[in-house]
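Single-structure report; data block below.
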Amino acid sequence: MNERTHSRLNALRHAAARIRALLSPSPAATEAAGAALRGAGRGAVRALPWLLGLTAVAGAVALLVMHPPVHEVPRGDVSLRSNQLTGGVTEARSGSLLVIPGLHSVRDLPLRDRSYHPTRFARADGEAPLQSLEGLSLGLDLTVRWGVDTSRLTQLATNLPDDVENDLIAPALQGLIYRQIATHTVREVFSTQRGAIQQTLETELRRKLAADGIVLRSVEIGNVDLPAEYRQGLEQLLAEGLASEKMRYTLELEEKKVKQTELTAAADKVRRETAAEAAAREQIIAARGQEEAMKHVLPFKQRQVEQRQLEAEADRVSRIRMAEGSAQARTIEADGEAKAREKLADAEAYRQTRIGKVAVDQMAAEGALLSRHPLLIQKAMADKLSDKVQVIIAPPPSDGGFIGKTLLGTGAPAAGNATPAATATQQEQE
């Protein structure tokens with residue numbers, strides 16, 4: 001042991017010694033404490049009745065607070081308060097009821113439907129399985145929906161047991177279900193007679209529970225629990241049965257299809273015959289209509305032909321008349337034109353005659369004029385030669401006579417004199 005540990009042990013010993021000294025009182029202190037205790041005891045003895053009264057009052061108040069004499073009506077239930085002295089029953093569907101202990105008793109009954117699921121015979125290997133007609137054990141999952149008869153609540157408040165399901169419904173159901181299942185085979189319970197069994201259970205159980213004030217709503221059969229080997233064989237058998245049923249329905253369906261085909265063909269045949277008859281009747285009616293129409297069409301066509309012949313004849317006559325008129329018009333025009341030409345010829349002849357006479361007269365007058373004035377010949381010649389010749393220069397006559405004699409050629413002009421004049425005239429012309 002080291003030094004440090006030894007010092008810690010010594011410190012613990014000193015602390016224990018101080019605690020022991022404090023806990024052990026001194027004789028004076030002990031005497032004073034005893035006197036105080038004796039005084040307190042005498043005071044407590046004098047105040048004991050008051051303390052007991054206050055305690056009782058406080059206990060009563062606490063009891064009233066913790067357990068008030070009021071009953072709350074549960075939701076969905078009806079509370080029935082029975083007076084133990086008078087036997088009267090008070091009904092409350094909501095709120096609270098004053099319940100005095102020892103005087104009143106309260107019973108709550110459900111207003112809503114409830115479901116009961118029995119478990120004793122739910123499984124084939126359960127507590128009390130059902131027995132079929134073959135002696136096989138099977139389980140049945142049942143659901144019983146029930147409610148209380150609200151018209152008999154006053155009576156049910158005192159007669160109905162507290163545990164309705166176990167005291168009323170379960171015994172009644174077991175008495176029926178075992179008897180019913182024992183009269184059916186497993187296959188009937190499993191498939192074929194399930195609905196009938198359910199209906200029978202529901203009817204008998206409703207009648208039985210009605211006497212106790214219980215209204216049965218329904219009985220539903222759920223799962224049917226069978227032994228594993230039997231379930232397998234039954235399922236196989238049911239599968240074969242279903243296959244057989246399926247084959248039967250298939251054959252019936254095929255027969256119906258064949259029959260449907262025959263009916264369809266017959267209907268199609270009848271429809272075609274009807275259509276052919278209708279078409280034939282339609283053609284006959286059309287032929288009759290056409291025949292009736294021809295009775296009116298032929299005279300119409302004949303009248304059209306006659307009308308066209310008359311129109312052609314009228315057109316021919318019209319054309320002949322028009323040709324005759326045109327010929328007559330042309331004849332008249334030709335006659336008129338001939339007469340006009342004849343008159344024009346006469347007028348032309350008359351004009352020529354008159355022109356000739358005028359020309360003769362004019363020539364006679366000119367001849368007479370030229371005879372009196374011979375210089376007009378040169379003048380006329382000069383006018384015809386050219387319109388540019390305006391002046392004619394002629395040499396004066398040698399004999400001092402008229403200068404126009406040279407131009408008139410009355411005397412023999414000198415060759416030298418005549419040449420300048422002709423030359424001047426030619427130059428002027430150029």
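The values are calculated or read from the model by the stated rules, or taken from the named source; none is laboratory data. Here the structure is a predicted model, which is why all the values come from computation and not from measurement. So basically every Cβ, Gly included, is an ideal-geometry build from the backbone, and we count neighbours across all protein chains shown. Each accessible area value is taken on the protein alone, full model and side chains, heavy atoms only, with ligands, DNA and RNA left out. Shrake-Rupley method; radii C 1.70, N 1.55, O 1.52, S 1.80 Å.
Counting only aspartates and glutamates at least 8 places from Lys301 when in the same chain, there are none with an alpha carbon closer than 12 Å to its own. Each residue of segment 369-381 is assigned a 3J(HN,Hα), and the resulting list reads 5, 5, 5, 7, 10, x, 5, 5, 5, 5, 4, 5, 4 Hz, derived from the Karplus form 6.51 cos²θ - 1.76 cosθ + 1.60 (θ = phi - 60°), x at Gly and Pro.
Quick one: Cα centre-to-centre distance for segment 321-346 and segment 144-178, in angstrom? Using only Cα atoms to place each centre, the spacing works out to 146 Å. When you count the other C-beta atoms within 10 angstrom of each residue and take the mean per peptide, 104-115, 297-308 line up highest first as 104-115, 297-308.
Over segment 74-213, the alpha carbon radius of gyration divided by the compact-protein estimate 2.2 N^0.38 Å works out to 1.33.
Backbone amide hydrogens, once placed in the peptide plane, bring Val215 within less than 5 Å of Gly147, Val148, Asp149, excluding anything fewer than 5 places away on its chain. Ordered by solvent-accessible area of protein heavy atoms (1.4 Å probe), largest first, the residues Glu220, Glu204 come out as Glu220, Glu204. Each label point was placed 7 Å from the Cα along the Cα-to-Cβ direction; for Ala347 and Ala327 their separation is 3.2 nm. The residues Ser94, Ser132, sorted by heavy-atom accessible surface at 1.4 Å with ligands and nucleic acids left out, run Ser94, Ser132 from largest to smallest.
A probe of 1.4 angstrom, applied to the heavy atoms of all protein chains, finds Asp361 with accessible area near 100 square angstrom.
Give the ranking of Ile214, Ile221 by solvent-accessible surface, highest area first, calculated with a 1.4 Å probe. Can you show the working numbers first?
On the way: Ile214 5, Ile221 25 Å².
I get Ile221, Ile214, largest accessible area first.
Our coupling estimate for segment 36-48, obtained by passing each phi through the Karplus curve with A = 6.51, B = -1.76, C = 1.60 and θ = phi - 60°, is 4, 5, 5, x, 5, x, 5, x, 5, 5, 6, 8, 4 Hz, Gly and Pro reported as x. Distances between placed amide hydrogens fall under 5 Å for Thr185 paired with Leu133, all partners being 5 or more residues away or on another chain. If R0 is 56 Å, the Cβ-Cβ spacing of Val99 and Thr183 corresponds to a FRET efficiency of close to 0.65. Label positions at Asp113 and Trp50, each projected 7 Å from the Cα along the C-beta direction, are separated by 6.7 nm. Across segment 190-196, rounded Karplus estimates of 3J(HN,Hα) from the backbone phi angles (6.51 cos²θ - 1.76 cosθ + 1.60, θ = phi - 60°) give 6, 9, 6, 10, 4, x, 5 Hz, Gly and Pro being marked x. Under a 5 Å amide H cut-off, with hydrogens placed 1.01 Å from N, Leu136 pairs with nothing among residues at least 5 apart or on other chains.
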